[in-house]
Amino acid sequence: MSESLDSAAKLNLAYWMRLTRTLDDALVAMWKQGRGVGGTFSGKGHEAIAVGAGYALGPDDVVAPMHRDLGCYLVRGMSPERIMANQLGKEPGVTRGRDANLHGMGDLEFNIIGFVSHLPQSLPVALGAAMSFQYREEPRVALTFTGDGSSNTGLFHETLNLAAVQKAPFVLVVENNQYAYSTPLHEQMAIEDIAVRAQAHGVVGEIVDGNDVAAVHAVVSAAVARARDGGGPTLIEAKTMRMLGHAIHDGAEYVPAELLEKWQERDPVTLWEDTLLEEGVLSPERLERLHSECRDEVEAAIAEAEKAPLPDPATVATGVYAP
Ligand SMILES: Cc1ncc(C[n+]2csc(CCOP(=O)(O)OP(=O)(O)O)c2C)c(N)n1
Ligand SMILES: [Mg+2]
């Protein structure tokens, strides 16, 4: 699956995934140490989806990430410092201390729409962006993500239906991580594959291994190209596993240990690094350097964010309500 990527792209994917994991681990550790003020959602296990999909977009395309898509923010150009400052509720954070987690972190400078925490309200917002591109005859695509649990809601179907009728340049990636909070898949739906829901709406449906970044990149690239060429929307189901609790306060004792172990063997970050070592694209020394570069970058981000100021209390209402 990695044949269509050149060596530079392969190394970029390895870098973005390792940076994502390193920052994610730091956010989790900071929360456990009482240094992170907001609720902390880990995307551990989702790196190949967030990075692979984000990397498949053009600079003018728009993305609406959800709470496990840390890698998508990084690939689109948001700095680890700004993300860390956001988590600490600091003034230089994306929401300027208004929402200290991965919610609401939009920045149109990077063509990122902020995540709406009411699930799955980001879907119609992203579809609206796609329809506006169509209306203005701009060759741009909107991509958004949702979860397995969110795919059971009415708005998921309404969005796909409207996207199909409009033949909108819209790509919807379902991150099927086996659980919606503590509810396993088989208690949520009576189907095996969420991608079959595409048929009901007349859009292309694809299933991809969500732990294989090259596979995710390939399937999303094809969907983006089809959408840009007027071929309409695609529903992509990326199968993966949420490797930690719903958020860090949740110890996920309800997840069977064997299930976690099975997925642990297919850790998306090490899976890709091992592939590149086997292909000779990475040497063990280069890989070690990559790891230490990511650690340095994240440590610098923590230091910057910790010394940054909190917002001025006099400004707390600014930017909260639309005028
Ligand atoms: C309308 C609404 N109801 C409940 C919640 C609380 N909530 C946040 S995430 C979540 C589970 C979502 O599961 P899934 O869609 O599978 O995404 P995952 O967290 O597994 O990535 C719930 C119930 C919410 N954010 N919005
Ligand atoms: Mg889920």
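Only the coordinates and a few stated rules stand behind these numbers; no lab work does. Just so it is clear, the structure is predicted and the values come from calculations on it, not from any experiment. Quick reminder, even Gly has a Cβ in these numbers, built from the backbone with ideal geometry, and neighbours come from all protein chains shown.
Observations, loosely collected:
- The slack between residue 279 and residue 29, meaning 0.36 nm per residue of separation minus the straight C-alpha distance, is 86.7 nm.
- For the stretch 179-269, GluC sites (Glu not before Pro) are listed when DSSP marks them as loop and at most 11 other Cβ atoms sit within 10 Å of their Cβ; the list is 192, 253, 265.
- Within the chain: Cβ-based charge dipole about Cα centre, in debye rounded to nearest 20 (Lys, Arg +1; Asp, Glu -1): 840
- Our summary gives the chain a relative contact order of 23 percent, counting only alpha carbon pairs under 8 angstrom and 6 or more residues apart.
- Between residue 132 and residue 109, the C-beta separation translates, for a Förster distance of 25 Å, into a calculated FRET efficiency of about 0.90.
- Extension gain, residue 258 back to residue 291 (0.36 nm per residue minus Cα-Cα distance, nm): 9.0 nm
- Sequence-distant lysines (8 or more away, or on other chains) whose Cα lies within less than 20 Å of residue 90: 32, 307
- Rough spin-label spacing in nm, given labels placed 7 Å along Cα→Cβ, for residue 153 and residue 4: 3.1
- Among 26, 142, 64, residue whose mean-square fluctuation peaks in a GNM of the chain (springs only between Cα atoms under 10 Å): 26
- Take the Cα radius of gyration of the chain and divide it by 2.2 N^0.38 Å, N being the number of residues; the result is 0.96.
- Spin-label model, residue 299/residue 190: points 7 Å from Cα along the beta carbon direction are separated by 5.6 nm.
- Modelled label reach - residue 310, point 7 Å along Cα→Cβ, the stretch 10-45 residues with backbone N closer than 14 Å: 35-38
- Loop chymotrypsin sites (Phe, Trp or Tyr not before Pro), the stretch 183-282 (other Cβ atoms within 10 Å of the site Cβ: 10 or fewer; DSSP): none
- Looking at the chain, the DSSP beta bridges with both ends there are about 10 percent antiparallel.
- GNM top mover of 222, 163, 130 - the chain, alpha-carbon springs below 10 Å: 222
- Cα-based shape type of the stretch 80-176, given that a ≥ b ≥ c are square roots of the gyration tensor eigenvalues and the cut on a/c is 1.5: oblate
- Sorting 271, 108 by the number of Cβ atoms found within 10 Å of their own Cβ, with the fewest placed first, yields 108, 271.
- In plain terms, the bigger the Kirkwood radius, the slower the diffusion; for the stretch 201-310, with that radius from Cα pairs, at 20 °C and 1.002 mPa s, Stokes-Einstein puts D at 121 µm²/s.
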